[in-house]
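These notes concern the structure reproduced below.
The values are calculated or read from the model by the stated rules, or taken from the named source; none is laboratory data. On a predicted model such as this, the values are computed, not experimentally measured, just so you know. Just so you know, the surface numbers come from the protein's heavy atoms only, side chains and all, with ligands and any DNA or RNA stripped out. Shrake-Rupley method; radii C 1.70, N 1.55, O 1.52, S 1.80 Å.
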Amino acid sequence: MTRDKINGRRLVGLFLLGMLLFNFPLLYLFNRPMLALGIPVLYLYLFTAWSLIIFLILMISRSKLDAPFPDHE
């Protein structure tokens, strides 16, 4: 399997993680009238999850494409 295919699979998995993080059950858990660090908990969760997704996309896209990788098929 080539590095491009692995990165593609990682990005699909990251998309699915994003779908899970921004879906109803988890959003409902954080939709409380409370403040954390002076910020509503839902907003803090949304921006933290969004930042995490962006960081993971950055890490996947910057992985070494020309690094030796064993071909197991």
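How large is the Kirkwood hydrodynamic radius of the chain, in angstrom, based on all distinct alpha carbon pairs?
Radius from the Kirkwood sum: 14.4 Å.
Between the helical axis of 3-21 and the dominant principal axis of the chain, each derived from Cα atoms, what acute angle in degrees is found, rounded to the nearest 10?
Here the helix axis deviates by roughly 10 degrees.
How many Å² of accessible area per residue for the chain, probe 1.4 Å?
With all protein chains present, the chain gives 83 Å² per residue.
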